[in-house]
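In what follows, a single structure is set out as structure tokens and then discussed.
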Amino acid sequence: MPPAGARPGDRPHRVLRRPEPLARAHGWVVTPDGFAVCAQPNSAHTVFPCNDHPTDKAAFSFRVTVPRGLRGVANGTLVRAENLDGDRTAYTYRSRHPMATELVQITVGDYTVKDRRGPHGLPLRDVVPTARAAALEPALSLTPGLVEWVERRLGAFPFETYGLLPCNSDDPKAFDFTGLETQTLTLYKPAFLLQEEQKIGAHLMHELVHSWFGNSVSPAGWADLWLNEWHADFYGLLYRFERGWPDSLGLTSMEARMKDTYARGDLWRRTSGPVAAPNAVNLFDNQRYLGGVLVLYALRELVGEDVFRRIERTFLGCHRGSSASTEDYIAIASEVSGQDLSGFLRDWLYGTKTPRLPGHPDWTVVPVPPGLLASRNREPGHYPDSTATL
């Protein structure tokens, strides 16, 4: 597999072998029959040479050689599979679109590949533990409908394929999150996907939306991470509430959830910093998820649904296959809406006090206790629809 910046087709610069058990700070998940790469956000350098920055995007080629009977998979599409001497098989994959290093996925194990079609003939590829393939099918079969729902709001799916990879491990010490949006092949805990649709649908939507926000358009810097997470949570919650599924608070509408989030606004700004000005300790906490959703909600309330959708699609179209910053989003929002939104959005994104919400002058913010200090967040990961103060 080439380092970031290499051209597709370049000869591999190093041989990747199954790693010894490592701390979760490294980019490997060891499984009973192989491994998976789990590099987000900044552990890709433990797998291949790179600088772990989201703007360091490149096209990748992967050649994964495995013992006969196991399967090697990676991002993109399969170019060829070769039977080699010594009962080995070499699988070659290629990504058609630029990819940030944190989104690389390489997996080896006893997996079955299940192919199906999505909207407009989109090839869908799921890579599932062979022993669990039948049990996982109800969750995997949801993908075409999920893709269709997002495309109506954000436009055509931005990559050549999509699918789920229920990694063959439920070990909480090795795999300390539910899902990660590795490009074209979202990594999941298999046990999570064995639940009923109401328990998993919003999370599946969250990770799928990252194909647009976070993968196709990557953050220009880590402070812009909210651009990924607020969008994924925003559409995940919309999808949930359209179906009447209660969230983790028992709420059943976006308005009710945003009113609750608004009440926490000053508290989160004190403990976590503003939405677009995180520190390293609190990078992956509620302020980058639900705090960011509240910013999107406020923007939509101000400009209306039609203008809001045009802002979203224009932003994605202008920065597809590259990276974008918070200031890029503010500029697009102002241009598309026909009004200067820089002051409005900067107050929401960088202010230390929660602004008034358009259309909801009666909503109030809970006072912050004197002397409250910033709290330390959990380990990096994805926590859509989280409610704890992290």
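The values are calculated or read from the model by the stated rules, or taken from the named source; none is laboratory data. Since the model is a prediction, treat every value here as computed from it, not as a measurement. Cβ: placed from backbone, ideal geometry, glycine included. Neighbour counts: every protein chain shown. SASA here: full protein model, heavy atoms, side chains in, ligands and nucleic acids out. Shrake-Rupley method; radii C 1.70, N 1.55, O 1.52, S 1.80 Å.
Go ahead and collect, in residue order, the members of the stretch 55-96 whose backbone nitrogen is under 18 Å from a label point 7 Å along the Cα-Cβ direction of THR130.
65-74, 81-84, 87-91
Relative to the present Cα-Cα distance, how much length would full extension add between ASP306 and VAL368 at 0.36 nm per residue of separation?
Working: separation 62, 0.36 × 62 = 22.32 nm, distance 3.58 nm.
Separation in residues times 0.36 nm, less the Cα-Cα distance, equals 18.7 nm.
Divide by every residue of the chain the summed helix terms, -39500 (n - 2.57) for each DSSP H run of at least 4, and state the resulting mean residue ellipticity at 222 nm, rounded to the nearest 500 deg cm²/dmol.
On the way: 11 runs with 122 residues, N = 390.
Counting only the DSSP helices, I get -9500 deg cm²/dmol.
So, in Å, what gap is there between the alpha-carbon centers of the stretch 319-373 and the stretch 277-317?
Each part's Cα centre sits 8 Å from the other's.
Near the amide H of THR112, under 5 Å away, which other amide H atoms are found, from residues 5 or more places off or on another chain, if H is placed in the peptide plane?
Answer set, sorted by chain and number: VAL128, THR130.
When only alpha-carbon atoms are used, what values of Rg and Dmax, in angstrom, describe the stretch 164-224?
12.6, 37
Using only Cα atoms, what is the ratio of the radius of gyration of the stretch 11-165 to 2.2 N^0.38 Å?
Numbers: Rg = 16.1 Å, N = 155, 2.2 N^0.38 = 15.0 Å.
Taking the Cα Rg and dividing by 2.2 N^0.38 Å, one obtains 1.08.
What number, in nm² with one decimal, is the all-direction average of the projected area of the convex hull of the alpha-carbon atoms of the stretch 84-209? Intermediate values should be presented prior to the final figure.
Working: hull surface 35.8 nm².
If I average the Cα hull's projected area over directions, I get 9.0 nm².
How far is it, in nm, from the label point at GLU327 to the one at ALA81 when both lie 7 Å from their Cα along the line to the Cβ?
In this crude label model, GLU327 to ALA81 measures out at 4.9 nm.
Please list the non-local residues whose amide H lies under 5 Å from the amide H of GLY321, H modeled 1.01 Å from N, same-chain partners needing a gap of 5 or more.
Long-range HN contacts for GLY321: VAL217.
By the scheme Lys and Arg +1, Asp and Glu -1, what is the net charge of all other residues having a beta-carbon under 13 Å from that of ARG309? Before the final figure, lay out each step's value.
Numbers: positive: ARG152, ARG153, ARG300, ARG310, ARG313; negative: GLU151, GLU305, ASP306, GLU312.
Result for the local shell: +1.
For the stretch 295-311, what does the Karplus curve 6.51 cos²θ - 1.76 cosθ + 1.60, with θ = phi - 60°, yield as ³J(HN,Hα) per residue in whole Hz, taken in order and with x for Gly and Pro?
Listing the rounded values in order: 5, 4, 4, 4, 5, 5, 5, 6, 9, x, 4, 5, 5, 4, 5, 5, 4 Hz.
Which trypsin sites (Lys or Arg not before Pro) in the stretch 128-205 pass both tests, a DSSP loop state and at most 13 other beta-carbon atoms within 10 Å?
Sparse-neighbourhood loop trypsin sites (Lys or Arg not before Pro): LYS173.
In debye to the nearest 20, how big a dipole does the chain give about its Cα centre with +1 on each Lys and Arg Cβ and -1 on each Asp and Glu Cβ? Don't jump to the answer; show the numbers that get you there.
Working: 42 positive and 44 negative charges, 133 e Å.
So the dipole magnitude of the chain works out to roughly 640 debye.
Test of understanding: in a Gaussian network model of the chain with alpha carbons linked when under 10 Å, which of CYS50, CYS38, CYS318 would top the mean-square fluctuation ranking?
Result: CYS318 has the largest fluctuation of those listed.
From the backbone phi of the stretch 332-341, what are the Karplus-calculated ³J(HN,Hα) couplings (6.51 cos²θ - 1.76 cosθ + 1.60, θ = phi - 60°) in whole Hz, Gly and Pro given as x?
Residue by residue, the stretch 332-341 yields 5, 4, 5, 5, 5, 6, x, 9, 6, 9 Hz.
Carbon and sulfur together cover what percent of the accessible area of the chain at a 1.4 Å probe radius? Let's see the in-between values first.
Values: 7800 of 15410 Å².
The nonpolar share, carbon plus sulfur, comes to 51 percent.
Per residue, what accessible area does the chain have, given a 1.4 Å probe and all protein chains present, in Å²? Don't skip to the answer; put the middle values down first.
Working: 15410 Å² over 390 residues.
Normalised by residue count, the accessible surface of the chain is 40 Å².
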